[in-house]
Amino acid sequence: MRAGYEIARKEAGAGVTVAADIGPIYTDGDEAADPTAEYCAIADAFAACGAGCFLFETFAEARPLLPVFAHIKEKNPAAKILVSFSLGPDGRSRSGIPLARLLKDLEPSLSLLHSVGLNCGCGPTHLYAHAAELCAWAKKRGVSTSVLPNAGYPSMEHQRTVFNTSPAYFAEKTAQIAAFGVDLLGGC
């Protein structure tokens, strides 16, 4: 992890922000398992490398992250924290949590966050409706947003993962998402 972050910083050069990318820790359905300490240790390792921007991406729940956000801000009040959730086409995370509840669960920590977003999980057509909900919620709270849909839905061809949508389709759909006022728009 440290070596990867150091390489990214070196290659990015001056004036470019490199985020410490932290993904979900799976507990195999063990509801008693609490990954908070592990997330904090990961954030501390990145901070020791000089990270000041932390991206929590492809998450299915918000609540386990709230103490981690506070931990990061306690150690570095200037740190930027971005969180992004992964939804299926039905608007629910892998944990079955709808977007509205994910966002409600974040509210106690909003003052600690730089951005709230959606990534992965579904393609731009399905993410369109969810992005509208996210942006409406964020505008009322003064929070910036990010939306990074998949290029479509993957399939396997000759032992390779491929996305069978065209760049034109992706561009058209993400332009429609951009119209909601998304602050950071990309692809996953």
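State yes or no: is Ile97 among the β-branched types (Val, Ile, Thr), surrounded by 16 or more Cβ atoms within 10 Å (Cβ to Cβ) and more than 30 Å from Ala171 (Cα to Cα)?
Details: among the β-branched types (Val, Ile, Thr): yes; surrounded by 16 or more Cβ atoms within 10 Å (Cβ to Cβ): yes; more than 30 Å from Ala171 (Cα to Cα): no.
No.
Every residue in the range 31-60 that is open to solvent by 80 Å² or more (accessible area, probe 1.4 Å), part of a loop (DSSP other than H, G, I, E, B) and within 28 Å of Cys122 (Cβ to Cβ), please.
Within the range 31-60, Glu31 is the sole residue that qualifies.
I need the full set of residues from the range 1-46 which are of a type in the set (A, V, I, L, M, F, W, C) and touching a strand residue (DSSP E or B) at 6+ places or on another chain (Cβ under 8 Å), in order please. Reasoning before the result, please.
As a first pass, look at the range 1-46 and keep what is of a type in the set (A, V, I, L, M, F, W, C): 1, 3, 7-8, 12, 14, 16, 18-20, 22, 25, 32-33, 37, 40-43, 45-46.
Those that are of a type in the set (A, V, I, L, M, F, W, C) and touching a strand residue (DSSP E or B) at 6+ places or on another chain (Cβ under 8 Å): Val18, Ala19, Ala20, Ile22, Ile42, Ala43, Phe46.
List the residue pairs whose Cβ atoms are under 6 Å apart, where the first residue sits in the range 136-160 and is closer than 24 Å to Ala175 by Cα, the second is in a strand (DSSP E or B) and open to solvent by 40 Å² or more (accessible area, probe 1.4 Å), and the two are 6 or more positions apart or on different chains.
Ser146/Leu184; Val147/Leu185; Ala151/Phe163; Gly152/Phe163; Pro154/Thr161; Pro154/Phe163
Quick check on the range 73-91: of everything there that is open to solvent by 20 Å² or more (accessible area, probe 1.4 Å) and under 15 Å from the mean Cα position of the chain (by Cα), which residue is farthest from Phe163 (Cα to Cα)? Lay out the reasoning, then the answer.
Just the residues of the range 73-91 that are open to solvent by 20 Å² or more (accessible area, probe 1.4 Å), to begin with: 73-78, 80, 82, 89-90.
Restricting the remaining residues to those that are under 15 Å from the mean Cα position of the chain (by Cα) gives 80, 82.
Numbers: Lys80: 32, Leu82: 27 Å.
Checked the range 73-91; the qualifying residue farthest from Phe163 (Cα to Cα) is Lys80.
So which pairs qualify, if the first residue must be in the range 92-108 and farther than 19 Å from Thr27 by Cβ and free of Cβ contacts under 8 Å to residues at least 40 places away in the same chain, the second must be open to solvent by 70 Å² or more (accessible area, probe 1.4 Å) and not in a loop (DSSP other than H, G, I, E, B), the Cβ gap must be under 6 Å, and the two must be at least 6 apart or on different chains?
Pairs that qualify, where the first residue is farther than 19 Å from Thr27 by Cβ and free of Cβ contacts under 8 Å to residues at least 40 places away in the same chain and the partner is open to solvent by 70 Å² or more (accessible area, probe 1.4 Å) and not in a loop (DSSP other than H, G, I, E, B), are Pro98/Arg92; Leu99/Glu133.
Kindly indicate which of Leu87, Leu118 is of a type in the set (A, V, I, L, M, F, W, C), out of contact with any Gly (no Cβ under 7 Å at 6 or more places or on another chain), touching a residue at least 24 places away in the same chain (Cβ under 8 Å) and closer than 23 Å to Ala19 by Cβ.
Of Leu87, Leu118, the one residue that is of a type in the set (A, V, I, L, M, F, W, C), out of contact with any Gly (no Cβ under 7 Å at 6 or more places or on another chain), touching a residue at least 24 places away in the same chain (Cβ under 8 Å) and closer than 23 Å to Ala19 by Cβ is Leu118.
Could you please find all residues in the range 16-30 being open to solvent by 50 Å² or more (accessible area, probe 1.4 Å), in a loop (DSSP other than H, G, I, E, B) and modelled with pLDDT of 90 or more?
Val16, Thr17
Taking the range 135-188 on its own, how many of its residues are closer than 15 Å to Leu87 by Cβ, part of a helix (DSSP H, G or I) and touching a strand residue (DSSP E or B) at 6+ places or on another chain (Cβ under 6 Å)?
Residues in the range 135-188 being closer than 15 Å to Leu87 by Cβ, part of a helix (DSSP H, G or I) and touching a strand residue (DSSP E or B) at 6+ places or on another chain (Cβ under 6 Å): 2 in total.
Looking at the range 40-50 only, could you name the residues that are small (Gly, Ala, Ser) and farther than 14 Å from Phe69 by Cβ?
Let us first name the residues in the range 40-50 that are small (Gly, Ala, Ser), namely 41, 43, 45, 47-48, 50.
Ala41, Ala45, Ala48, Gly50 - these are the residues of the range 40-50 that are small (Gly, Ala, Ser) and farther than 14 Å from Phe69 by Cβ.
The values are calculated or read from the model by the stated rules, or taken from the named source; none is laboratory data. Here the structure is a predicted model, which means the values were calculated and not measured. Heads up, the Cβs are rebuilt from the backbone with ideal geometry, glycines too, and the neighbour counts pull from every protein chain shown. What goes into the accessible areas is simple: the full protein's heavy atoms, side chains included, and nothing from ligands, DNA or RNA. Shrake-Rupley method; radii C 1.70, N 1.55, O 1.52, S 1.80 Å.
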